[in-house]
Amino acid sequence: MYDFCFSPIYAVLLAIGGVAGYLTKGSMVSLGAGLGSAALLGLMSKWSLDSYHKGKACKPATAISLLVAAGLTYVMYERYSATGKLMPAGLTAGLSAAMTVFYVWSLLLGPKPKPKAT
């Protein structure tokens, strides 16, 4: 699986979480972090998909996605450790940890696009 297969889904879930945090708690931080992370992941997905269509891998897009996922894993795990609440911190930390592992796999061992014939 390529990174652009899962990143859009991850991005949508983060955006939904950010909006939910804003609607339920009035948290502008949740809204900004959720939508900001989702937007950045969406852009990286597009960049990666465009590269795939050209027969190339886009390691920088995957690396940036990895940084976003790893950062969210750390921040949300810290919040989960402090509060013990599965929603939203534990769920987001778990999802982000899974995406971190996926991005590492994608960078190191992931599939290579077939070069386009010229």
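The values are calculated or read from the model by the stated rules, or taken from the named source; none is laboratory data. Bear in mind the structure is a predicted one, so any value in this text is a computation, not a measurement. Virtual Cβ from ideal backbone geometry, glycine too; neighbours counted across all protein chains shown.
Considering each of Gly42, Gly34 in turn, give the residue that is modelled with pLDDT of 95 or more, under 19 Å from Ala98 (Cα atoms), in a helix (DSSP H, G or I) and under 10 Å from the mean Cα position of the chain (by Cα).
Numbers: Gly34 fails: under 10 Å from the mean Cα position of the chain (by Cα).
On inspection, the qualifying residue turns out to be Gly42.
For the range 97-118, state whether one or more residues are free of Cβ contacts under 8 Å to residues at least 60 places away in the same chain, under 20 Å from Ile9 (Cα atoms), surrounded by fewer than 17 Cβ atoms within 10 Å (Cβ to Cβ) and in contact with a helix residue (DSSP H, G or I) (Cβ under 6 Å, 6 or more places away or on another chain). Walk me through it before giving the result.
Within the range 97-118, the subset free of Cβ contacts under 8 Å to residues at least 60 places away in the same chain is 97-98, 100-101, 104-105, 107-109, 112, 114, 117-118.
Those still in the list that are under 20 Å from Ile9 (Cα atoms) too: 97-98, 100-101, 104-105, 107.
Those still in the list that are surrounded by fewer than 17 Cβ atoms within 10 Å (Cβ to Cβ) too: 98, 101, 104-105, 107.
Within this subset, residues satisfying the condition of being in contact with a helix residue (DSSP H, G or I) (Cβ under 6 Å, 6 or more places away or on another chain) are 107.
There is at least one residue in the range 97-118 that is free of Cβ contacts under 8 Å to residues at least 60 places away in the same chain, under 20 Å from Ile9 (Cα atoms), surrounded by fewer than 17 Cβ atoms within 10 Å (Cβ to Cβ) and in contact with a helix residue (DSSP H, G or I) (Cβ under 6 Å, 6 or more places away or on another chain).
For the list (1) free of Cβ contacts under 8 Å to residues at least 40 places away in the same chain; (2) over 18 Å from the mean Cα position of the chain (by Cα); (3) on the phi < 0 side of the Ramachandran plot, I need the number of the one condition that Gly84 fails.
Failed condition: (3).
Of all residues in the range 59-78, count the ones that are more than 12 Å from Asp3 (Cα to Cα) and surrounded by fewer than 16 Cβ atoms within 10 Å (Cβ to Cβ).
5
Tell me which residues, restricted to the range 79-94, are buried (at least 19 other Cβ atoms within 10 Å of the Cβ) and either under 30 Å from Lys112 (Cα atoms) or small (Gly, Ala, Ser) (or both).
At the first step, the residues of the range 79-94 found to be buried (at least 19 other Cβ atoms within 10 Å of the Cβ) are 80, 88-89, 92-93.
Passing the criteria: Ala89, Thr92, Ala93.
Show the residue pairs meeting these rules: Cβ distance below 6 Å; 6+ apart or different chains; first residue within the range 39-52 and in contact (Cβ under 8 Å) with a residue 40 or more places away in the chain; second residue of a type in the set (D, E, K, R) and assigned to a helix (DSSP H, G or I).
Close Cβ pairs satisfying both conditions: Ser48/Asp3.
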